[in-house]
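See structure below.
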Amino acid sequence: MQLVTGNRLRDGKVVYFAGGETWSPAIDDALLVEDDRAETLLREALAGSVPRPAVGPVLIEAVRANGRIHPLSLRERIRASGPTTGPTAEPLIGTASESGG
């Protein structure tokens with residue numbers, strides 16, 4: 001399954017195509033389609049008025065599990081989850097700091 005992601009034109013934040021001309025920063029709002037419909041979804045994301053709300057739209061692979069959408073690649077999981085370091089980073093499960101060493 002695939003969805004369309006890009007970056008919001010006004011501030012560069014990661015956004016996901018939710019249909020129509022709607023883009024959302026929440027991956028769970030994204031339209032997730034079967035692979036045979038992915039190119040059609042990308043064309044829909046590229047349609048509409050200019051300037052478009054998102055730049056660099058691309059298809060990525062993802063799955064729906066437990067009612068949530070999960071990107072398959074590490075790069076896209078990081079883009080969906082936010083920073084991996086710094087004051088806004090969430091701790092990673094199974095890191096040395098959690099296991100005491």
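Laboratory data are not the source of any read-out in this text; all were calculated from the coordinates shown. These numbers were taken from a predicted model, which means no experiment stands behind them. FYI the Cβ positions are ideal-geometry reconstructions off the backbone, even for glycines, and counts take in every protein chain you see.
Just a few scattered comments:
- Stretchable slack from L9 to D36, in nm (0.36 nm times residue separation minus alpha-carbon distance): 6.9 nm
- From most to least packed by mean Cβ count within 10 Å, the peptides 13-23, 45-55 give 13-23, 45-55.
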